[in-house]
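This report refers to the structure that appears directly beneath it.
The values are calculated or read from the model by the stated rules, or taken from the named source; none is laboratory data. Just so it is clear, the model here is predicted, and its values are computed rather than measured. Ideal geometry is used to build each Cβ from the backbone, glycine not excepted, and the neighbour counts take in all protein chains shown.
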């Protein structure tokens, strides 16, 4: 009897303390998290018949370049971003204009990304039908839903709208007037003047950008930059002034930065990278004035001794509002006997451009520059990863302290139970 009574007291005490400390099942289930609304991005891809054309880099078809770029974007999208995919011209192969101009559907819903499912869906796409851009923009707006948080549409197409009703430029103004802080960025896979004019109109109406891209790498770099950009409010890019050499360059961390760069100039920046981290950088230079055809952007990563580690390039001809490039650099792990093995290492970023302009064009201020910097840890080296399921911060400290207290009380009670049992015997 004495043993059962002490055992009941012991178990009741353990359950009470575990429940209060949050170790009991569902103890915290009724306390919702107070998180900011996730940023939402809908990628709208043209899958019309013209996407069969093989005029991307290396003779790759437009659809193949887009699919390859999408796979890279899906792999790199931040976990906190809700991403969706919508198509236009993907299902109806016929000649009926009325049916073809209703051909837009949601391929993957806006939400937490299932990378395998999303890439599988993209792989099934084949160039098929018409180009109802206006209809697709309205559909993408519905995909994103209402509520707070940033909302962004990225439209990728190789042609102008082939339906005319609704007019995509008017739809963009309609969406901009809805008061939902929606931004539409457009990417053109051709250098056709009519396509450029229409996509520029859509972007300008919503405060977005138009970019002409000519291969899968440029496309992936620009989409990645826009997706990462959606993770931050529109007003947050930090203004920074690049240096003339590495040792006097400003330090950059994770974030979005804006600068100005003169024609044919080099701008230097520094980033501290921990061993095991991967540096991901995207850079865009905007042609906000009349420029000569044929231009390029070069982004390089150098060590502090000036040795080049990797580079990314972008080139264009004709006219585009934005020319982009990007790169990745994984910082190698140090040797086991290396000194300061956990210390960050400085790398230098150098952004150069080969824009030029007629003599009548004003040179100052320089061309607008946007830099997006991200640092991603490898799973086995991430400081944010829970080791064997342990959390971080004061909560786990208090929790482990409580568990220690419980263990101490349990040991004391057990000793008293054993003593009582001996006396009873």
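Odds and ends about this structure:
- The sole residue among 142, 72, 148 that is closer than 26 Å to residue 204 by Cα and either touching a helix residue (DSSP H, G or I) at 6+ places or on another chain (Cβ under 7 Å) or in contact (Cβ under 8 Å) with a residue 60 or more places away in the chain (or both) is 148.
- Unique residue being at pLDDT below 85 and within 17 Å of residue 269 (Cβ to Cβ) when the list is 374, 340, 294: 374
- Of everything listed in (1) touching a strand residue (DSSP E or B) at 6+ places or on another chain (Cβ under 9 Å); (2) under 22 Å from residue 368 (Cβ atoms), the single unmet condition for residue 246 is (2).
- Matching entry among 191, 187, 219 (being under 22 Å from residue 57 (Cα atoms), surrounded by fewer than 20 Cβ atoms within 10 Å (Cβ to Cβ) and in contact with a strand residue (DSSP E or B) (Cβ under 9 Å, 6 or more places away or on another chain)): 191
- Region 118-161, residues that are in contact with a strand residue (DSSP E or B) (Cβ under 8 Å, 6 or more places away or on another chain) and part of a helix (DSSP H, G or I): 118, 121, 122, 133, 135, 136, 137, 139, 140, 141, 143, 144
- Taking each residue of region 301-327 that is farther than 22 Å from residue 186 by Cβ and looking for partners that are part of a loop (DSSP other than H, G, I, E, B) and at pLDDT 80 or above with beta-carbon atoms closer than 8 Å, six or more apart or interchain, yields 309/303.
- Of the residues making up region 259-278, those that are in a strand (DSSP E or B) and modelled with pLDDT of 90 or more number 11.
- Which listed residue is surrounded by fewer than 17 Cβ atoms within 10 Å (Cβ to Cβ) and over 23 Å from residue 216 (Cα atoms), from 100, 134, 139, 147: 147
- Qualifying positions in region 247-258 - under 20 Å from residue 297 (Cβ atoms) and part of a loop (DSSP other than H, G, I, E, B): 249, 250, 252
- Members of region 134-165 found to be over 27 Å from residue 75 (Cβ atoms) and over 22 Å from the mean Cα position of the chain (by Cα), listed by number: 134, 135, 138, 159, 160, 161, 162, 163, 164, 165
- Test: residue 220 is in contact with a helix residue (DSSP H, G or I) (Cβ under 7 Å, 6 or more places away or on another chain) and over 30 Å from residue 99 (Cβ atoms): yes
- Looking across region 194-216, the residues that are surrounded by fewer than 21 Cβ atoms within 10 Å (Cβ to Cβ), in a helix (DSSP H, G or I) and touching a residue at least 60 places away in the same chain (Cβ under 8 Å) come down to 196, 200.
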